[in-house]
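Working notes, beginning with the structure itself.
The values are calculated or read from the model by the stated rules, or taken from the named source; none is laboratory data. Model, not experiment: these values are computed from the prediction. We place every Cβ from the backbone using ideal geometry, glycine too, and count neighbours over all the protein chains shown. Accessible surface areas use protein heavy atoms only, side chains included; no ligands, DNA or RNA. Shrake-Rupley method; radii C 1.70, N 1.55, O 1.52, S 1.80 Å.
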Amino acid sequence: MSTGPQAPTAPFGTVFGETMAVARWAHGAWDTPTLGPVEPFSFHPATHVFHYGSACFEGLKAHRGHDDVVRIFRLDRHVERMQKSAQLLYLPEPGAELLASMIRDVVEANRDQVPVAPGSLYLRPTLIGTEPNIGAAAVPSKEAVLYVLASPVGDYFAGGIRPLRLLVETHRPRTTPQFGMVKSGANYVMALGITMRAKSDLGVDQVLFAPDRVVQETGAANFLLIDSERIITPALTESFLHGVTRDSVLRIALDLGYEVEERPITVDEIVEWSARDDAEAALSGTAAILASVGTLVLDGEDLSVGSGEVGSNTLRLRKALTDLHVGQSPDVYGWLTDV
Ligand SMILES: Cc1ncc(COP(=O)(O)O)c(C=O)c1O
């Protein structure tokens with residue numbers, strides 16, 4: 001029997017586990033990470049990250065199963081992606097074992113705060129350039145801090161499983177195209193203005209960025225077209241984040257007998273696709289899991305995706321994924337790290 005706490009009802013990401021891990025990099029080397037209470041850092045106002053955006057992060061989850069085992073989902077993949085982000089931003093790349101052990105230690109230390117499903121413990125490894133030097137605009141920070149924060153979470157989208165409404169933005173990209181695959185704060189803030197305006201003017205949940213009418217992703221999730229036979233999703237490019245959930249859903253879908261197509265998707269294709277009764281579309285991400293898209297707002301008009309309701313294939317794939325998260329189905333892909 002599961003004995004974990006219920007997920008907090010506070011908004012996603014506003015409640016924190018008591019313990020975090022911290023490692024510092026200076027003189028070309030990492031010190032030994034420490035575990036301690038979550039408390040404020042103190043940084044000089046000239047700190048590199050405040051001026052030159054030297055920051056990247058990750059987002060992954062640990063789930064508590066009905067057997068009370070806590071499992072981290074696809075730890076290796078998230079560690080690899082953070083290493084890639086660090087490389088691309090000229091931040092010091094943490095060794096895979098250093099970062100993985102910090103994440104495992106934080107889950108272990110906050111074990112009592114891992115909620116029962118559908119809640120989970122969201123993990124936020126973060127890496128920032130901390131050299132106090134406002135003259136370092138064109139050079140990497142000589143100092144850095146890596147920390148791992150934990151946050152017990154419930155549902156990302158308020159209202160649970162419901163069909164989402166997205167604006168299709170056909171002109172502007174989410175961020176600078178060659179940095180879309182980096183999980184860096186700058187990418188999120190660049191998408192903010194468009195997203196805020198779309199939310200307030202059109203009442204949408206998110207924006208699907210499709211510059212030049214070719215689909216990329218939303219502000220925090222990847223995009224998939226789904227029906228009872230196939231999954232179609234944009235092929236990986238530098239312009240959007242290579243989602244671990246996307247990869248997981250595609251793998252599960254193949255094994256459930258779906259055909260998987262990774263290729264460019266145009267806005268015209270989405271319009272044609274949406275007109276079919278059995279059409280589904282979804283967003284994938286660690287926070288969103290797999291969320292149905294019911295309506296697209298395109299060129300000023302509402303377009304229903306299929307029935308406009310939550311799709312049955314989307315739900316089937318979502319369940320296959322969440323069953324894996326909590327150890328309800330066997331870990332056939334070796335994606336889980338027990339803590
Ligand atoms: C911009 C963006 N795209 C896609 C994703 C999905 O990635 P993942 O499935 O690894 O969480 C995220 C979420 O973290 C994101 O922030």
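Any chance the range 127-142 includes a residue that's open to solvent by less than 10 Å² (accessible area, probe 1.4 Å), of a type in the set (A, V, I, L, M) and over 16 Å from Phe57 (Cα atoms)? Yes. Taking the range 46-127 and the strands (runs of 3 or more DSSP E) fully enclosed by it, the elements with 1 or more residues that are of a type in the set (Phe, Trp, Tyr), under 18 Å from Leu321 (Cβ atoms) and within 16 Å of the ligand (Cβ to nearest atom) are at 70-73. At least 3 residues being open to solvent by less than 70 Å² (accessible area, probe 1.4 Å) and either away from the ligand (no atom under 14 Å from the Cβ) or among the acidic types (Asp, Glu) (or both) is the threshold, and among the strands (runs of 3 or more DSSP E) wholly inside the range 178-280 those reaching it are 230-233.
Looking at the range 128-146, can you tell me whether even one residue there is touching a helix residue (DSSP H, G or I) at 6+ places or on another chain (Cβ under 7 Å) and within 16 Å of the ligand (Cβ to nearest atom)? For the range 128-146, residues touching a helix residue (DSSP H, G or I) at 6+ places or on another chain (Cβ under 7 Å) and within 16 Å of the ligand (Cβ to nearest atom): absent. The condition of being surrounded by 18 or more Cβ atoms within 10 Å (Cβ to Cβ) and either within 16 Å of the ligand (Cβ to nearest atom) or under 16 Å from Pro163 (Cα atoms) (or both) holds for only one of Leu315, Leu283, that being Leu283. Taken over the range 312-333, the residue count meeting the criterion of being touching a helix residue (DSSP H, G or I) at 6+ places or on another chain (Cβ under 9 Å) and small (Gly, Ala, Ser) is 2.
Here is the figure for the range 27-45: residues that are of a type outside the set (Asp, Glu) and part of a loop (DSSP other than H, G, I, E, B) total 11. Taking the criterion of being buried (at least 20 other Cβ atoms within 10 Å of the Cβ), β-branched (Val, Ile, Thr) and within 12 Å of the ligand (Cβ to nearest atom), would at least one residue in the range 150-164 satisfy it? For the range 150-164, residues buried (at least 20 other Cβ atoms within 10 Å of the Cβ), β-branched (Val, Ile, Thr) and within 12 Å of the ligand (Cβ to nearest atom): absent.
Listed conditions (1) assigned to a strand (DSSP E or B); (2) surrounded by 19 or more Cβ atoms within 10 Å (Cβ to Cβ); (3) within 18 Å of the chain's Cα centre (by Cα) are all met by Leu167, apart from (3).
I'd like to check something: does the range 231-251 contain any residue that is of a type in the set (Lys, Arg) and under 15 Å from the mean Cα position of the chain (by Cα)? Within the range 231-251 (the criterion being of a type in the set (Lys, Arg) and under 15 Å from the mean Cα position of the chain (by Cα)), the answer is yes, since at least one residue qualifies.
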